[in-house]
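The values are calculated or read from the model by the stated rules, or taken from the named source; none is laboratory data. What you see is a predicted model; the values in this text were computed from it and never measured. Backbone-built Cβ (ideal geometry, glycine too); neighbour counts: all protein chains shown. Heavy atoms of the whole protein, side chains included, go into the accessibility calculation; ligands, DNA and RNA do not. Shrake-Rupley method; radii C 1.70, N 1.55, O 1.52, S 1.80 Å.
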Amino acid sequence: MKIRVTSIFVQDQDSALEFYTEKLGFVKKRDIPLGNGDRWLTVVSKEEQDGTELLLEPLSENSFGPAKTYQEALFNAGIPCAQFYVEDVQEEYERLITLGVEFSVEPTDIGVTIFAVFNDTCGNNIQIVDTE
């Protein structure tokens, strides 16, 4: 069994695609129209373009209603909906700050790893952690 696709809810797919590619450095993998303005829109790591795809799942009028409530509750509680691994949290934090990314948690060392949490501008808190 393998994880091929995982998803996060986004309030606007175009804005999400811009943020995830231009700020985070992911690459668009698939962009398939689904009708009613929704798309099967995925991004992948630039370093692993055949790896796991992140589906930017639209929260539109066609979406499952409780999904928006779930996304808002996680965001308001400060809980990250996804976690990405980076080589160096401090370095990535500084790179993202220069691009205007807003962090709710600055790099924090908890002994076993260092992490930070940022707002993806699409309704989600995202956590980055060191790979080691």
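Some points to look at:
- Reachable lysines from residue 46, criterion Cα separation under 19 angstrom, eight or more residues apart if same chain: 23, 28, 29
- Surface analysis of the stretch 1-81 yields an accessible area of 65 Å² per residue, using protein heavy atoms and a 1.4 Å probe.
- Of the listed residues 8, 32, 114, the order by accessible area with a 1.4 Å probe, largest first, is 32, 114, 8.
- Summed over all non-identical Cα pairs, the Kirkwood treatment of the stretch 1-54 gives a radius of 11.6 Å.
- Beta bridge orientation in the chain: antiparallel %, DSSP, nearest 5: 60 percent
- Working note: Karplus 6.51/-1.76/1.60 with θ = phi - 60° gives the stretch 76-88 the couplings 5, 7, x, 8, x, 8, 8, 9, 10, 8, 9, 5, 8 Hz, where Gly and Pro are set to x.
- Residue list for the stretch 53-76, given a label point 7 angstrom along the Cα-to-Cβ vector of residue 104 and an amide N cut-off under 15 Å: 69-76
- Cα-derived Rg to Rh of the chain, Kirkwood definition: 0.96
- Sparsely packed GluC sites (Glu not before Pro) within the stretch 72-118, loop by DSSP, other Cβ within 10 Å at most 14: 87, 102
- For residue 5, the residues 5 or more places off, or on other chains, whose built amide H falls under 5 Å of its own are 53.
- Solvent accessible area, Å² - residue 38, 1.4 Å probe, full protein context: 30 Å²
- Annotation: amide H of residue 29 within the under-5 Å range of 42, 43, 44, sequence separation 5 or more or interchain, hydrogens built in the peptide plane.
- Counting only trypsin sites (Lys or Arg not before Pro) that DSSP places in a loop and that have at most 12 other Cβ atoms within 10 Å, the longest clean stretch of the chain runs over 47-132.
- The relative contact order of the stretch 23-123 comes to 17 percent, based on Cα pairs under 8 Å that sit 6 or more residues apart.
- Distances between placed amide hydrogens fall under 5 Å for residue 84 paired with 127, 128, 129, all partners being 5 or more residues away or on another chain.
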